[in-house]
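Below: one structure, written as structure tokens.
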Amino acid sequence: MTIDVYKVVKKLIGKVDPIGETQTDDKRFENLKAMTKLVDRLIFDIDAIAYRYKNNHQFSMKRASEFASKFITDLGIVE
């Protein structure tokens, strides 16, 4: 499923790598901004789970928090 979601997002956002042609690169820069905004929102959501459930005693909620926290830590983002 993850790969399918990735393919859909890539198709929706469009190409992001510049090619050295101004008009094309302007469009791709807008695509890059859209992609980074999406990633920022996704990371925010993951971080919220890490924080919100870190002291929860229910196994599934604690597990989600720990998984999210490890993901954020592995990215090198300090809380």
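The values are calculated or read from the model by the stated rules, or taken from the named source; none is laboratory data. Predicted model, so just to flag it, every value in this text is computed and none were measured. All Cβ positions, even for glycine, are placed from backbone atoms using ideal geometry, and neighbour counts span all protein chains on display.
Brief remarks on what is shown
- Consider the stretch 28-37 and keep the residues that are farther than 18 Å from I77 by Cβ and hydrophobic (A, V, I, L, M, F, W, C). The one that is surrounded by the fewest Cβ atoms within 10 Å (Cβ to Cβ) is F29.
- Only one of D4, D40, D25, D47 that is at pLDDT 95 or above and surrounded by fewer than 14 Cβ atoms within 10 Å (Cβ to Cβ): D40
- Members of the stretch 52-70 that are of a type outside the set (S, T, N, Q), in a helix (DSSP H, G or I) and surrounded by 11 or more Cβ atoms within 10 Å (Cβ to Cβ): R52, M61, K62, R63, A64, E66, F67, A68, K70
- Residue check, V5 β-branched (V, I, T), part of a helix (DSSP H, G or I) and without any contact (Cβ under 8 Å) to a residue 12 or more places away in the chain: yes
- The set of residues in the stretch 14-28 being on the phi > 0 side of the Ramachandran plot and in contact with an Asp or Glu (Cβ under 9 Å, 6 or more places away or on another chain) consists of G14 alone.
- From the list I13, I43, the one residue that fits, being in contact (Cβ under 8 Å) with a residue 24 or more places away in the chain and more than 23 Å from F67 (Cα to Cα), is I13.
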